[in-house]
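> Here it is, the structure, as structure tokens.
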Amino acid sequence: MAATNDPDKIREERDALERRVEQLEARPERRRKTRVVFTTILLVLSILCFTIAVPGLWARRTVFNTDQYVETVAPLASDPAVQEYLARTITEEAMTALDVENRLREVLQERDARLAFLAGPLADGLSGVVQSQLQKLFATEQFQQLWSSLNRTVQAQIVAVLANKSSSFQIVNDAVVLNVLPLINEGLKSISGTISDLVGHTVTLPTITGDEIPSQALEQLQTALGVTLPSDFGSIVIFRSSSLTTIQDIVNLAQRAVVVLAILFLLFAAIALWVSPHRRRTLLQLATAALAIVIIERRLAIWQTDNLVTKAQAENQAAAHSVIDRVLGSLLMYTSWFLVIAVIVLVIALITGPYPWAVKLRGWTVDVWRAGVTAVRGHESSDTVTWVAAHRDPLMVGGAVVAALLLFFGNLSLWWLALFLIVIGAYELIVYRVAESEHAIDPTDPATPPAPGI
């Protein structure tokens, strides 16, 4: 086939080849940009799912799991502030319902009208006696068991209300209440003789366990006392909302969605890592975002709980603080696992990366490991072993100082303390053995060698 000498034809062929080369070279770049876009979208979706799933899973675990709920609130029974609040609140309700002051005034007037002024002080004194008896009751093992039983009942009530299921419990003015009639009943039994004198007949109080429907238990107590009690007598509000229906809808949706969101987080994160053209960078972004989200949610929870405490009445703030601290402690303990996992992923992704400092750190770690092996096995010396031997005392003293500072300023649990002591002990032992092995090789060399280039 004869070659063409037409310049225009040659120019057209050249331009066509150039366009073809540009198209071929542009394909990988377009694919890379497409992968970056999809990675960004998947990262945003996974982070949104994570943001909702973390508090949702905690609420599901704490509120909707009976054993976990009881484990969270059971220690409150031994808290003095909670005991004082319950005793004071129950005493005030009982004294008001029985109209103690007016009854005492009537009795005193029958005997001598001039004694009527003593009704107030006597009612206050009787109130103090009742509160003292209740606080003694709350310090017993019997109360611990009763408290756990009551809270199991309350947990069932909360779940039934939030899930908008039919329940034998009553909701009054958009409020879920803790039925403390069993506690009131036990307190009244301790002063049954005084109550009999006040109402003018022998009082035989019923047995109230907390399993009864509140209105039925209240009817039994009214019949025994021969008085009419308020419909909310023996009820302590633990949940109130002006938009209970909205909250029920949200809870129902969250119950169904929280597990799905957790699965979607894992799925989106896995696909993002698979699609990403820079997987390590994507993993670092994901771990950093998760770490920031957990920290922000923890701080928001602390801020919100502080607001709740300040909104409580002054005399109730100590009890409110104890209750909120217990619930907040459960949330902080739960989210701490996410913090640990995020930090571990972040550290591993960084130290295994191609960054210059990471490469140096890995090289230094290998040198130290080889030095330790050399020291233990008694092989020939190395620059690292020689340097450690020359600086043994400062290294060991420095380790001891760091350990002392962490123990003094840190608040470590038993397990973390044990792990910390093991690490410090291993460090001190390795430094000592490395130095001893070097002295054994050349114990007469007085020169201090320079530090190796690590």
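> With respect to the numbered conditions (1) under 16 Å from I271 (Cβ atoms); (2) hydrophobic (A, V, I, L, M, F, W, C); (3) at pLDDT below 70, which one is the sole condition not fulfilled by L24?
(1)
> Return only the number of the condition from (1) surrounded by fewer than 17 Cβ atoms within 10 Å (Cβ to Cβ); (2) at pLDDT 85 or above that F50 does not satisfy.
With (1) surrounded by fewer than 17 Cβ atoms within 10 Å (Cβ to Cβ); (2) at pLDDT 85 or above applied to F50, the lone miss is (1).
> For segment 77-100, give me the residue count where each residue is acidic (D, E) and surrounded by fewer than 18 Cβ atoms within 10 Å (Cβ to Cβ).
Summing the residues that are acidic (D, E) and surrounded by fewer than 18 Cβ atoms within 10 Å (Cβ to Cβ) in segment 77-100 gives 2.
> Restricting segment 62-93 to residues that are of a type outside the set (A, V, I, L, M, F, W, C) and not in a helix (DSSP H, G or I), which is farthest from A320 (Cα to Cα)?
N65
> Based on this model, can you work out whether E92 counts as in contact (Cβ under 8 Å) with a residue 24 or more places away in the chain and among the acidic types (D, E)?
yes
> Another question, if that's okay. Any residue in segment 135-147 that is among the hydroxyl-bearing types (S, T, Y) and either more than 44 Å from the chain's Cα centre (by Cα) or in a helix (DSSP H, G or I) (or both)?
Within segment 135-147, not a single residue is among the hydroxyl-bearing types (S, T, Y) and either more than 44 Å from the chain's Cα centre (by Cα) or in a helix (DSSP H, G or I) (or both).
> Can you name every residue in segment 283-314 that is free of Cβ contacts under 8 Å to residues at least 24 places away in the same chain, under 30 Å from L273 (Cβ atoms) and open to solvent by less than 80 Å² (accessible area, probe 1.4 Å)?
Correct list: A292 only.
> Pick out the one residue from A59, A16 that is at pLDDT 75 or above, open to solvent by less than 90 Å² (accessible area, probe 1.4 Å), small (G, A, S) and assigned to a helix (DSSP H, G or I).
One residue alone meets the criteria, A59.
The values are calculated or read from the model by the stated rules, or taken from the named source; none is laboratory data. In this text, all values refer to a predicted model and were calculated from it rather than measured experimentally. Methodologically, a virtual Cβ is constructed for each residue, glycine included, from the backbone with ideal geometry; neighbour enumeration extends over all protein chains shown. Ligands, DNA and RNA are excluded from the accessible area calculation, which covers all protein heavy atoms including side chains. Shrake-Rupley method; radii C 1.70, N 1.55, O 1.52, S 1.80 Å.
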